[in-house]
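The values are calculated or read from the model by the stated rules, or taken from the named source; none is laboratory data. Computed from a predicted model, the values in this text were never measured in an experiment. Every residue, glycine as well, gets a Cβ built from its backbone with ideal geometry; the counts of neighbours run over all protein chains shown. With ligands, DNA and RNA removed, areas are computed over all heavy atoms of the protein, side chains included. Shrake-Rupley method; radii C 1.70, N 1.55, O 1.52, S 1.80 Å.
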Amino acid sequence: MQRAGSPPESTGPDQGRVSRRALLGTGWCGFLLSIVGPAVANIRFLFPNVVYEGPTLLKVGRPEDYAPGTIMVLEEQRLFIIRDPEGFRALSAICTHLRCTTGPFVQPNAQWKESHSRCPCHGSVFAKDGRVLQGPAPRPLDFYRVSLAPDGRLIVDTAAIVAKGDVLKV
Amino acid sequence: MSRRWLWVFTLLGVLNGILFLVALWRDYDREWKRYQTAFFALEGRKARTAREEEAVKARRHEFIQVAVAGSTRMDRCMMCHLGVEDPRFADAPQPFRTHPEIPKHPFERFGCTVCHGGQDMATTTQDAHGRVPFWEEPLLPAEYRQATCGGCHFGADLPGAPLLSRGRQLYAQRGCVACHRIRGVGGALGPDLTFVGSRKRDPAWHLRHFKEPQATSPGSTMPPFKHLPEEELKALTVYMLSLREAPQALAASTPLLASIAPVAAPSPRTAVPPRAAAKETVTARVPSSPRPVSSDRLSRAKVLYAEKSCVACHAIGGVGGKVGPDLTAEGGKTGRDLEWHVRHFRTPAAVVPGSIMPPLADLSEDDLKTLAAYMLSLK
Amino acid sequence: MRNGWTSGILDRVTASQPWKSVFRHGYPATELDRMATMFTNFFLHLLPAKVHPNSLRLTYTWALGMVTFYLTAILFVTGFLLMFFYIPATDWAYRNMKDLQFAVSFGLLLRNMHRWAAHGMVALVFLHMCRVFYTASYRPPREFNWVLGVLLWLLTLGLSFTGYLLPWDQLAFWAITVGTSIASYPPWIGETLRVLMLGGQQVGQGALLRFYVLHVAILPAVLGVLVAIHFWRVRKDGGLSRPEGASPAAVSSPGAEGRFVPGPQKTYALMEVVQGTTPMATTQAPEEEVPTWPQLLFRLLVLFQLVLGVIVLLGIFFDAPLEELANPTHPPNPAKAPWYFLGLQELVSYSALVGGVVVPGLLVLGLMSIPYVDRAVKGEGIWFTSAQGKRIALWSFLGTIPFTLGLLYLNTRFGLRRFFPDATQGVVDLLNPATLLLVGIAAFSIIVGRCTHSRRMAAIALFSSYVSGYVLLMVIGTFFRGPNWDWVWPW
């Protein structure tokens, strides 16, 4: 196909010249890169690097603030800090059913022979190792990694889910 | 299509592809990532336990920010200043060095810029330190850092900020209140200083202004204060810088240490504590008077003259302010004897109607007479 | 690159029913197939199957319209993306801009691209208008499309103006303060207009929200509709304009004789049979035209690459400005409107009425009325119409410069208020550079029209002088006006 009025192309072999195929191929590759590339970049753009939902690394005081053998509830951070003879654990207080904050741990009673937490929304009941004792919750509560900051304070990393055996020995 | 068009198409395609790769690189290669990498390396060397080593290995480049409670500040300083809460980095070079703990001011609640200044949301060194155009709050130099304490703590005496407290004292003692108003208290001759720290954030400006007001503010009638020692001027500068709009709810949630008005009103009832002559340095230069006054009385008079900052408003021999009358030839004025001067010192407005001179009510009778005698000696 | 394995899969996919239900014909390899695809594809059917070579000539259109359209597309895409990170609240807007700069991947690049594309679009839509004027492409049947074009130009200015406020920095705040103040000058309705725009008495949260809604929803929707009609009209009016002599075998001008005369060798499909109506299809000798695919499409592709490349380049290496947070108590001195309104601001500094009401009003009305004033039939499709037109355009453009500068100088030295400080506003409105410029240019073009016995020449004189004055005043407002709107030398 030629532009109206343009001179006819040389009919001889294109010796020493880059072939149409190579040109077009390279051209299309470049074009696609400059379209697909930015499209992918735009998708990356949409994934936020910072969110304003609050930090995931939470400072929760010092080990001395927690008496041994207790389960403290931190409501604003939606966490339980469990201190037992083994050490510190951080248990999420976010119910695995539909993300309500499950209630504080209460002593064993007639119904449940161990301390348990009841979720007010749909009645799930959890044990202090996260197990689901009852209710619509599909899986146990998560444990978060607890570590000791260099300045001696406890840090809970709500972005790091660990097994229930994971404990910070203090 | 002709070859020419194919070449154009290809070239443009290649160029655009390259441009995309350039954009990709510029977005990926960030200054803060390099700092973080260096920090992780340092951290790795300091790891002692297996658990610590594992934690360091798991470290990835990340965005770190502190949402300062009660404000819209989002401090990202810790993206590079990673060691501020880690005592192991006390000897590390900046930006990794440990920051001393400030009791009752946890970093995760207060952030950094509230005290240090700078641009909270920036993630490059220049921008974060605020030394860029269009950012009005650059990092405060270390020697003036106590100024920011005063943004929230309005009390007269702040234990952790001695320079600020001194500045507040000096403001009262050097007579600034005669012409300037802070939070409704003071004279109206000069500009209101309640938020001067928000308007003039450069300490050098304040120092220049104290020493030579006309240089920074043409047309100003403020007398120069270059007779004050440098450390006093610095303290006053710290106080000036502290006068700024507090980070709203942050201040509201912190109990203020004292009442709102840090400055004594110029009324006879308030007491600006008189200071013993020995602690004062006499810096006002006054020409010697031809009328002999006993030398120790003269030096006492000069001490009082300086202490009460009379030079702020009155000029003698070309030195001093133009707010009040020139005193160079005060002794030659008719109708003014010792009594007159003493009465004038006590209640200026009663003796000279319309006078804005603050009364010198807290001086002893003897001191008033000394000053009066000095006035009479000026010829 | 295609070995047996992949080509087997590709063949299976492209032969499958789901595929064929979407892509009904294979890749068009013959000219007939390509023509058919131009008809049957939704996106392509906007374009004609064949196009006159004059429309492809770079030196005819300079592709200005298409570039403007591509910039619009870039603005839409970047704009949509930016919306994910922007909140139109006075507490957040500025911080969102900082976040885009520091915390969002490619945030700075996209913001810069959006800004430069916006400025580019304002400039290019203006240049496109100039091209259409100078090729007299507003002649029948294109008068309505010209009016549409003027409306699109105004919409572009509106979009740029509403977007200008959104960063909520000092630059934005005060530019809009000045701009909305200029908008309040028309008598009776001016103040109401201003309150409506601002949602209050001052620029604040109300203004920010309204400008945001206008910028992201209302104005783009209206723009979309008008652009669609604009393109539709281009097709229905017979494609881009072209000089008469370019196709001597042109058969008939649409609607003139009311008869449809088919050209030779052209394939026609029977659309409808109705009584008595004249089809609006244009006719050209088909042998003059060239197939859109690939001639036009390829050029459009290359043009897109060029425009995208330039915008990305600018976006990478030049940062859009962001000054301090908007502070209502600290007006900069001087406070300047956005650059495309600086000419107006300059005029307003002489007379609010003339600069703010009369000139813009006459400008818009004058532009829209051009096709109805210039009723000539000949000369369409030729830049400047003739050698005479070229001369008139050049001298009008050049001559306006010293005329304007002279008026400004005289005003500075012998301004009315200097000698008659109590002169009434009405007198000042009559004797000031803005009015004198207006009157001078109008008089000049009438004289030209009389001397050449041609309204077209008068129109060329008028338009060229107006463009020259507009650009010059904009340059003065940008570089030569300092604090208190005093004259400054920029070096």
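General remarks:
- Between 0 and 90 degrees, the angle of helix C:455-479 with respect to the longest Cα principal axis of chain C falls at about 60 degrees.
- Pairs beyond 29 Å (Cα-Cα), from C:Lys20/C:Lys236; B:Lys308/B:Lys379; B:Lys211/B:Lys302: C:Lys20/C:Lys236
- Leading residue at positive end of dipole, the stretch C:384-491 (Cβ point charges), from C:Asn411, C:Leu438, C:Phe397: C:Phe397
- Buried solvent-accessible surface, both chains (C, B), 1.4 Å probe, Å² to nearest 100: 2700 Å²
- Partners for C:Lys50 among aspartates and glutamates (Cα-Cα distance below 16 Å; same-chain residues under 8 apart left out): C:Glu31, C:Asp33, C:Asp237, C:Glu287, C:Glu288, C:Glu289
- Electrostatic dipole magnitude of chain C [Cβ: Lys, Arg +1; Asp, Glu -1; Cα centre; debye, to 20]: 740 debye
- Annotation: for a label point projected 7 angstrom from Cα along Cα→Cβ of B:Ala350, residues of the stretch B:361-379 with backbone N closer than 14 Å are B:361-362.
- Measuring from each cysteine beta-carbon in the protein assembly as shown, the ones with no other cysteine beta-carbon under 4.7 angstrom are A:Cys29, B:Cys80, B:Cys115, B:Cys149, B:Cys152, B:Cys176, B:Cys179, B:Cys310, B:Cys313, C:Cys130, C:Cys451.
- Interface residues in the stretch A:21-68 - accessible area drops by 50 Å² or more relative to the isolated chain, probe 1.4 Å: A:Leu23, A:Phe31, A:Leu33, A:Ser34, A:Asn42, A:Phe45, A:Leu46, A:Asn49, A:Val50, A:Tyr52, A:Lys59
- Taking a ≥ b ≥ c as the square roots of the eigenvalues of the Cα gyration tensor, chain C is oblate, since a/c reaches 1.5 or more and a/b is not larger than b/c.
- Per-residue average of Cβ from other chains inside 10 Å of B:47-55: 1
- For the stretch C:368-395 versus the stretch B:176-229, the spacing of their alpha-carbon centroids is 66 Å.
- Each of B:Trp5, B:Ser377, B:Ser198 was scored by the projection of its Cα onto the charge dipole of the protein assembly as shown, and the greatest displacement toward the positive side belongs to B:Trp5; charges sit on the C-beta of Lys, Arg, Asp and Glu.
- About its Cα centre, the stretch A:90-140 has a charge dipole of approximately 60 debye under the convention of +1 per Lys or Arg Cβ and -1 per Asp or Glu Cβ, with nothing else charged.
- Under 17 Å from C:Lys378, Cα to Cα: lysines that are on another chain or at least 8 residues apart: C:Lys390
- Calculated [222 nm] ellipticity per residue, helices only, for the protein assembly as shown: -14500 deg cm²/dmol; basis is -39500 (n - 2.57) per DSSP H run with n ≥ 4, divided by all residues, nearest 500.
- Calculated FRET efficiency for the pair C:Thr478/A:Arg20, C-beta based, R₀ 45 Å, to 0.05: 0.40
- For B:Cys152, the solvent-accessible surface with a 1.4 Å probe is about 20 Å², rounded to the nearest 10.
- Bins of 10 Å from zero: percent of alpha-carbon pairs in chain A: 9, 26, 20, 10, 7, 7, 7, 8, 5, 1
- Approximate spin-label separation B:Phe40-C:Val222, in nm, with each point projected 7 Å along Cα-to-Cβ: 5.3 nm
- Relative contact order for the stretch C:384-491, counting Cα pairs under 8 Å that sit 6 or more residues apart, in percent: 32 percent
- Rel. contact order, % - alpha carbon contacts under 8 angstrom, at least six apart, chain A: 18 percent
- For the stretch C:89-110, accessible area lost to neighbouring protein chains reaches 30 Å² or more, against the chain alone with a 1.4 Å probe, at C:Trp92, C:Arg95, C:Lys98, C:Asp99, C:Phe102, C:Ala103, C:Ser105, C:Phe106, C:Leu110.
- Rounded tilt (10° steps) of C:170-183 against the dominant C-alpha axis of chain C: 90 degrees
- Judged by the mean number of other Cβ atoms found within 10 Å, the most tightly packed of the peptides B:69-82, C:310-323 leads the ranking B:69-82, C:310-323.
- Mean per-residue shielding of peptide C:308-314 is 5, counting Cβ atoms of other chains within 10 Å of each Cβ.
- Computed FRET value (nearest 0.05) for C:Trp383 with B:Thr72, which takes r as the C-beta separation and R₀ as 56 Å: 0.50
- Solvent-accessible area, 1.4 Å probe, carbon plus sulfur percent, for the stretch B:167-227: 58 percent
- Spacing of the two label points (7 Å from each Cα toward its C-beta) at C:Phe39 and B:Glu230, in nm: 9.1 nm
- Between 0 and 90°, nearest 10: helix A:20-46 axis offset from chain A longest Cα axis: 20 degrees
- Shielding by partners, peptide B:132-144 (average Cβ within 10 angstrom, other chains): 2
- Per residue, the convex hull spanned by the Cα atoms of the stretch B:37-128 measures out at 111 cubic angstrom.
- When +1 charges are put on Lys and Arg Cβ atoms and -1 charges on Asp and Glu Cβ atoms, the dipole computed for the protein assembly as shown relative to its Cα centre reaches about 1140 debye.
- Ranked from largest, the principal axis spans of the Cα set of the stretch C:6-54 equal 44, 18, 15 Å.
- Cβ-based charge dipole, the protein assembly as shown, positive-most Cα from C:Val377, C:Val195, C:Leu155: C:Val377
- The residues A:Lys169, B:Lys226, sorted by heavy-atom accessible surface at 1.4 Å with ligands and nucleic acids left out, run A:Lys169, B:Lys226 from largest to smallest.
- Scattering from the stretch C:384-491 was approximated by placing one identical point on each alpha carbon and applying the Debye formula without solvent; log10 I(q)/I(0) at 0.12, 0.13, 0.16 1/Å stands at -0.50, -0.57, -0.79.
- In Å², nearest 10: area of A:Phe105 left accessible to a 1.4 Å probe: 40 Å²
- Mean accessible surface per residue for the protein assembly as shown, computed with a 1.4 Å probe while every protein chain stays in place, in Å²: 52 Å²
- Area accessible to solvent at C:Phe84, 1.4 Å probe radius, in Å²: 140 Å²
- Efficiency of FRET between A:Glu86 and B:Arg51 - r from beta-carbon atoms, R0 22 angstrom, step 0.05: 0.90
- Reference-scaled alpha-carbon Rg (2.2 N^0.38 Å with N residues) for the protein assembly as shown: 1.27
- Straight-line cross-link partners of B:Lys57 among the lysines, defined as a Cα under 30 Å from its Cα and at least 8 positions apart when in the same chain: A:Lys59, A:Lys164, A:Lys169, B:Lys33, B:Lys46.
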